[in-house]
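I have placed the structure first, in the form of structure tokens, so that the comments after it can refer back to it.
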Amino acid sequence: MKLHMQILIALGLGIKRNWHIFSGIILGIFVGVFLHHHSFPAVSELLTFIGQIFIRLIQMVVIPLVVSAIIIGITSIGDNRQLGKFGKKMVLYYGIITTLAVTAGAVLALLMKPGQGAAHYITENAADEVQASVATAMAQQQGNVLNMFLDFLPSNPFHSFATGNMVPIIVFVVILAIALAKVGDVNRPIVAFFESVFAATMKITDWIMFLAAPGVFALTASAVSHFGTDIFHSISKYLLVLTIGFLIQLFAVYPLFLKFFSKVNCATLYSAIAEAMMVAFGTASSSATLPLTIACCEKRGISHKISSFVLPLGATLNMDGTALLQTVAVIFLAQAYGVALTPFLIIQICLLAIIASSTCAGIPGAGLITIALILNGMGLSPEQLVAGFAFLFTIERITDMMRTLVNVTSDTVVAAAIADNENEINYDLFNNPAAYEEITA
Ligand code: ASP
């Protein structure tokens, strides 16, 4: 059977197992459209409130989970050489997947020219100003990339914890975990402490998941009720480019990647992680989905060693769906404002999108904000692109839901590939969900 058919069937099976969450999404779309046409502000507010409860609860466990998972993951790998090997492979795989994403985004946006249709919304003055700024910046090349790297290093880790700034938190925790791995047996009390924290946060996640269906329903309905369906007409080409890009990642890039780098069957993987995919779509947050992503992978035989190392780092650093969107969005803006897209500028956009996406936290809306970094590299500020940005914001939430699903899926693709390469996957469990159900019965 064709791989695409296998993937669709597997997804269908995954949805069947999690039909309640899927029904939440579908019902949410219908209720959202209804609410958009018949204004019931109190109902919309209530839905937003219910959705927020779900997101807050799940976000509550994210920092303890990320910290404990990374510390257990890195100290359990222990041996320095093995850690370096896993780490290098992880960076390489995430890098390949994100590079393919920005390439797909750039090619599609250049071919389909989504920004041209928006050009008549932009005043001539605004377009002239933007074109001049880009030209000056290109001439001077005053990118601010070095400063951005400096911000990754926390001067006070507790401040980063208090503000929930994930990249510096991860940098600190990875350094701490490597140090713990190096000091040997004296690390036992601390590691044992984090093992308990991890187990307890996973338990809390199980409880929160009882709210998954109503939570995802409320989030989808409130998102759809805000933008309605009319907006799709004015911005349909942009949305189409993104949708094709995301589908290419899901149905071409990941299956081929897994074929090339491992013997993991993509269809089986998608069926295993269907629940996490749906929650990613509903919450638009990779971080909030993380507990579930880890649970889905571990339940199906991807070792704790790999999933607790690769997935938390992926949920923060690997954002290929976001990188794809950022590339398309910036090319969209350039086309709308009539900026000449030279090969140099396109390459610069793609590289900046790789960096900007990996600095972005796994929370709703972060990706559109870090676009500022790419624009900055091009000599622009979001304020100069007000009209164009207004367009992007109208459908921000729905594109966020889609890109988050892609982000989370690619984290699991990389985790599965590394687990396969390192003999850290139990194929009896992976290929046979019933085996897991038997064990837990
Ligand atoms: N919401 C995305 C995520 O959590 C990040 C983004 O805004 O692109 O993966």
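The values are calculated or read from the model by the stated rules, or taken from the named source; none is laboratory data. Just so we're clear, the structure is a prediction, and the values are computed from it rather than from any experiment. Note that each Cβ is placed from the backbone with ideal geometry, even for glycine, and that neighbours are counted across all protein chains shown.
Quick notes on this one:
- Residue in region 334-346 that is touching a residue at least 12 places away in the same chain (Cβ under 8 Å), near the ligand (Cβ under 10 Å from one of its atoms) and assigned to a helix (DSSP H, G or I) present: no
- When region 364-383 is filtered for residues that are over 30 Å from L65 (Cα atoms), in contact with a Leu (Cβ under 8 Å, 6 or more places away or on another chain) and either modelled with pLDDT of 75 or more or more than 16 Å from the ligand (Cβ to nearest atom) (or both), the ones remaining, listed by number, are I374, L375, G377, M378, S381.
- Within the set A276, A267, A295, the sole residue that is within 16 Å of the ligand (Cβ to nearest atom) and closer than 28 Å to I29 by Cβ turns out to be A276.
- Count of region 349-384 residues which are of a type outside the set (D, E, K, R) and not in a loop (DSSP other than H, G, I, E, B): 23
- Residue within region 320-329 that is assigned to a helix (DSSP H, G or I) and more than 11 Å from the ligand (Cβ to nearest atom) present: yes
- Per the listing F281, F309, the residue uniquely among the aromatic types (F, W, Y) and away from the ligand (no atom under 11 Å from the Cβ) is F309.
- Criterion: surrounded by 15 or more Cβ atoms within 10 Å (Cβ to Cβ) and either of a type in the set (V, I, T) or modelled with pLDDT of 85 or more (or both) - qualifying residue of L256, L242: L242
- Test: residue in region 257-267 that is hydroxyl-bearing (S, T, Y), in contact with a helix residue (DSSP H, G or I) (Cβ under 7 Å, 6 or more places away or on another chain) and assigned to a helix (DSSP H, G or I): no
- When K203, K237, K182 are screened for being basic (K, R), over 22 Å from the mean Cα position of the chain (by Cα) and closer than 28 Å to T268 by Cβ, only K203 passes.
- Taking residues in region 36-56 that are touching a residue at least 60 places away in the same chain (Cβ under 8 Å), and partners anywhere that are aromatic (F, W, Y), the pairs with Cβ atoms closer than 9 Å and at least 6 places apart or on different chains are H36/F227; L47/F217; I50/F217; G51/F217.
- N18 fulfils the conditions (1) of a type outside the set (D, E); (2) under 30 Å from P343 (Cβ atoms); (3) modelled with pLDDT under 85 except for a single criterion, (2).
- Within region 398-433, restricting attention to residues that are within 10 Å of the ligand (Cβ to nearest atom) and charged (D, E, K, R), the residue that is surrounded by the fewest Cβ atoms within 10 Å (Cβ to Cβ) is D400.
- Residue identified as buried (at least 24 other Cβ atoms within 10 Å of the Cβ), within 10 Å of the ligand (Cβ to nearest atom) and over 16 Å from A106 (Cβ atoms) among A361, A315: A315
- Of all the listed residues (G105, G87), the sole one being modelled with pLDDT under 85 and under 30 Å from I349 (Cβ atoms) is G87.
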